[in-house]
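The structure appears below as structure tokens.
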Amino acid sequence: MSDSIKLNNIYAVSPTVPIRCGNAVHADPNQHIFSASWMTDEYVDWWKSNVGISEIKGSKYPVAGSLTKGTVQLQLEFVLPSDLVNIGAWSQASLEFSLDGGATTQAVDWTPPTGGSTTNLLSITVPFQPSYAAPNFPWGFAGDVMWTLNINGQSCVQTTALELYCLADTLPSFFHGVVEASFLRAMVLPARSTASPTPGSWTDYVVNACFSNFGFKYDITSGGMRFADSGIGGSYDLRRWVRGINWGQLVNCYDQAGIVMIALGLGPKVNADWVYMWCFGFVGLPPNLTRLVGYPDYPCNSPFAVTVDKLCVNNDDEKRTWFKNHAFVRVGDKIYDACAGPTLGLANIDAYISSTIQGSGSGPGQTSLYPTVKLEDHRRPGTAKDAKYYGDGVTSLDGCDIRAPENDKSATDYSETVMAMAEATQPDTNVYALDISSAQNAIANQLQQNGYSWDNFYAEVYVNDQGLEVTWDLCQTGRIAIEVNIQVCQDNDRASKMFENDLHNNSMPWPKELEKPTNVDVYGAAVLNQLMIVSKAKATGDTLPNQMICWVRGNLNISIKGPAESADALWKLFGGTALDQAFSSGTSWPTAKAAALDPSTTITISPSTPVPSSVASGAKFTIAFELGFDCTWCSCTDLNFKSKETRDDLILLRSVNQADKRNITFTLQGAEESGSHALEFSFAETSTSRVASHKVKITIG
């Protein structure tokens, strides 16, 4: 008997959707996803830390197949022993695979080569489809696959770890041609049962999952958004959403509409719209009161209750709160709402309104409170005419909300009222540096000194041509997360405008819940002279409401949100005055890098190697930059997506930006659609967060 049969390699044949795993995207026509040479301890450690599945070995490359076909096409390459080569037709040959530790076994419909094999390499094409796969329903598998090949009484039993998905053949434009593996693991992997196909439609599953499965809670203090950009869509911070799963992060209706639209894009093509009703009203028609995401056991007719015991009050209680506006999703004519309800496919917008919004009056299903609403144009229930439809709504998943001036939002009565309240009497017009690493350490040290602890301290940094945005989430089991957000803008005017733009993202019914702080002993005069606003919510019993503090210091737009007895208490927890002083001088900061920068000093960049003027469709190419400064954060954006001239993006496969922070190479793959593409590369200086950008034009085809 010679050597046994061995499984040597597995390839995915023509994967449809490129998947980003870590900082790399693999989009080869025949993607190598398993090799016997990868079976090492080093590889096992990689898999456990990056995939989150323990004690398995195998593929480091997640791939996706066509949802239309319902399978992922795999090509298995076996090495045969010499006594199975050139012996004529085999008397017996079969291949099967089993999943979930052998719980399910499936035979592969495979015809052995006529006359046996004349070479020691045997390739077998396998249309991989787990038994729980359902038509028109995205599926995923990540784990052990045990392959058993039998030929003439000889067997190869080999276990490999694979991560496979079946997704829509074409993604919506906001994905920019690539989907994050972490999102698929959260949204698609759980959508299965080994016993039977997942029931219902993909749309129903998505809305139910977004309402019930991920541990997010509606912000019953202020209704503020966390991941979306506005009530009508825009950029969405999907990586931060994934990171916040099961940590009790707060959301609003914009966040929920956005994640539904994103998840729907993984499934069969549907005619979906982001819906925004600028005038909504009082919710919770008795006796069928609504439920808010995160509070399924608490009937609600007053969403901004601060505490759960006030979510349901008397019908005409003068303290009852309402939705000034609301966002949800329409698929075809049917309405889906993953924020309140949940609503699963009501017949049309009229049916949704009649079952959700109370009428005005004293009759059944009505409330007399509309005339008391302080916004004059909202003293009525919303109607179908108030609903506006915005297609995908979501435009990108980059998470950086710093806008160019031409994209600023128009002032409203609401924003003008709050801006007047928050007015800066002595605005600081300096341009400051921000050393992110030092800032994170200072925040952590200050909170620890004040007795605050956390289970996880997450950081997310985004950069575009307008500036840098950093977010820190301090998560603790059973407690609302503390969030810190800093936007490093070009100057004080832009930081102030970002402060104003943020006011459009709030669902609070009236500025009565906000105030400009006046306590000099708590905040210090220098802070109170800046553009600043805080929440007025106070603790009730043992319940700590989510507080909000927003202020501008020079070119920095800063916000802190978290549970505390009051905004003053949240400020003290952070050592807020010292934190603010750290932005404006080096004396209180662990590094002198916080000193004001000379606005006349700038950083510039240019490619260090010639940029190709044209590349073939689907071809890989590189663009390298040699920087005159250390860079930790960078980005590459296909500007064609911003203008929506095309739905076919150049795919960023990898940015090499680890050991050498001054030499950064981007590897890209040309779009399948021919035409001109404008690429914008942005780089942030590590020690200051200043941003430099460079644009190039490339013709595809």
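The values are calculated or read from the model by the stated rules, or taken from the named source; none is laboratory data. Nothing here was measured: the structure is a model prediction, and the numbers come from that model. Reconstructed Cβ throughout: ideal geometry from the backbone, glycine too, with neighbour counts over all protein chains shown. Surface accessibility is based on the protein's heavy atoms, side chains included, excluding ligands, DNA and RNA. Shrake-Rupley method; radii C 1.70, N 1.55, O 1.52, S 1.80 Å.
Please check which bits of region 103-123 a label hung off S82 would reach, taking the label as a point 7 Å along Cα-to-C-beta and the cut-off as backbone N under 12 Å.
Those under the cut-off are none; the list is empty.
In sequence order, what are the phi-derived ³J(HN,Hα) couplings for region 375-389 according to the Karplus relation 6.51 cos²θ - 1.76 cosθ + 1.60 with θ = phi - 60°, rounded to whole Hz, with x for glycine and proline?
Karplus-based 3J(HN,Hα) across region 375-389 equals 7, 4, 7, 10, 8, 6, x, x, 10, 4, 5, 7, 7, 10, 10 Hz.
Express the carbon and sulfur contribution to the solvent-accessible surface of region 63-139 as a percent, rounded to the nearest whole number, probe 1.4 angstrom.
Of all accessible area on region 63-139, carbon and sulfur atoms account for 47 percent.
Note the angle between two axes, namely the Cα long axis of helix 492-502 and the longest principal axis of the Cα atoms of the chain, as a number of degrees from 0 to 90, rounded to the nearest 10.
On a 0 to 90 degree scale, this one is about 80.
When you have a sec, figure out the Kirkwood radius of region 429-521 from all distinct Cα pair distances and drop it here in Å to one decimal?
15.8 Å
Between N120 and T665, what FRET efficiency follows from the Cβ-Cβ distance if R0 is 51 Å, with the result rounded to 0.05? The partial results should precede the final answer.
Numbers: r = 39 Å, r/R0 = 0.77.
Computed FRET efficiency for N120 and T665 comes out at 0.85.
At 1.567 mPa s and 4 °C, plugging the Kirkwood radius over alpha-carbon pairs of region 287-344 into Stokes-Einstein gives what diffusion coefficient in µm²/s? Kindly include the intermediate steps, with their values, before the conclusion.
Values: Rh = 12.3 Å.
Answer, rounded: 105 µm²/s.
Suppose every K and R has +1 on its Cβ and every D and E has -1 on its Cβ; what is the size of the dipole of the chain about the Cα centre, in Debye to the nearest 20?
Numbers: 49 positive and 71 negative charges, 112 e Å.
It works out to roughly 540 debye.
May I ask you to give the solvent-accessible area per residue for region 262-394, in square angstrom, as obtained with a 1.4 angstrom probe? Before the final figure, lay out the partial values.
Numbers: 5630 Å² over 133 residues.
I get 42 Å² per residue for region 262-394.
Could you rank T160, T105, T114 by how accessible they are, 1.4 Å probe, largest area first?
Working: T160 0, T105 80, T114 140 Å².
The ranking, largest first, comes out as T114, T105, T160.
Any idea what the relative contact order of the chain is, in percent, if you count C-alpha pairs under 8 Å spaced at least 6 apart? Kindly include the intermediate steps, with their values, before the conclusion.
Numbers: 1676 pairs, mean separation 74.1, N = 701.
The normalised contact order for the chain reaches 11 percent.
Take the Cα radius of gyration of region 142-241 and divide it by 2.2 N^0.38 Å, with N its residue count; two decimals is plenty. Write out the running numbers ahead of the final one.
Numbers: Rg = 19.4 Å, N = 100, 2.2 N^0.38 = 12.7 Å.
Computed over Cα atoms of region 142-241, the ratio equals 1.53.
Cα centroids of region 250-296 and region 119-191: how far apart, whole angstrom?
32 Å
Just to confirm a number: summing +1 for Lys and Arg and -1 for Asp and Glu over residues other than G294 whose beta-carbon lies under 12 angstrom from that of G294, what do you get?
On the way: positive: K217, R291; negative: D219, D255, D297.
Combined, the nearby Lys, Arg, Asp and Glu give -1.
What residues qualify as long-range amide H neighbours of W633, i.e. H under 5 Å apart, gap of 5 or more or another chain, H built at 1.01 Å from N?
Residues meeting the criterion, in which the H sits 1.01 Å from N, are A684.
Kindly provide log₁₀ I(q)/I(0) values, in the same order as q = 0.18, 0.19, 0.25 Å⁻¹, from the Debye equation applied to equal alpha-carbon scatterers of region 315-355.
Debye output, listed in q order: -0.56, -0.61, -0.86.
What aspartates and glutamates sit close enough to K512 to cross-link, taking a C-alpha to C-alpha distance under 19 Å and skipping anything fewer than 8 places away on the same chain?
D219, D317, E318, E376, D377, D413, E416, E423, E500, D502, E565, D568
Beyond 21 Å, what percent of the Cα pairs of region 113-191 remain? Numbers along the way, then the final one.
Details: 1461 of 3081 pairs.
Distances greater than 21 Å cover 47 percent of the Cα pairs.
Highest mean first, how do 386-394, 256-264, 334-342, 147-155 rank when packing is the count of other Cβ atoms within 10 Å averaged over residues? Walk me through the numbers before you get to the answer.
Details: 386-394: 19.2, 256-264: 27.0, 334-342: 24.3, 147-155: 16.6.
The densest-packed peptide leads the list: 256-264, 334-342, 386-394, 147-155.
Whole percent per 20 Å bin, from 0 to the bin with the longest distance: what is P(r) over all C-alpha pairs of the chain?
Taking every Cα pair in the chain, the percentages come to 16, 46, 30, 7, 1.
From the cross-link list K334/K388; K538/K572; K310/K409; K388/K536; K217/K538; K269/K334, which pairs have alpha carbons spaced over 22 Å apart?
On the way: K334/K388 15 Å; K538/K572 15 Å; K310/K409 34 Å; K388/K536 32 Å; K217/K538 19 Å; K269/K334 15 Å.
Violating the 22 Å Cα-Cα cut-off are K310/K409; K388/K536.
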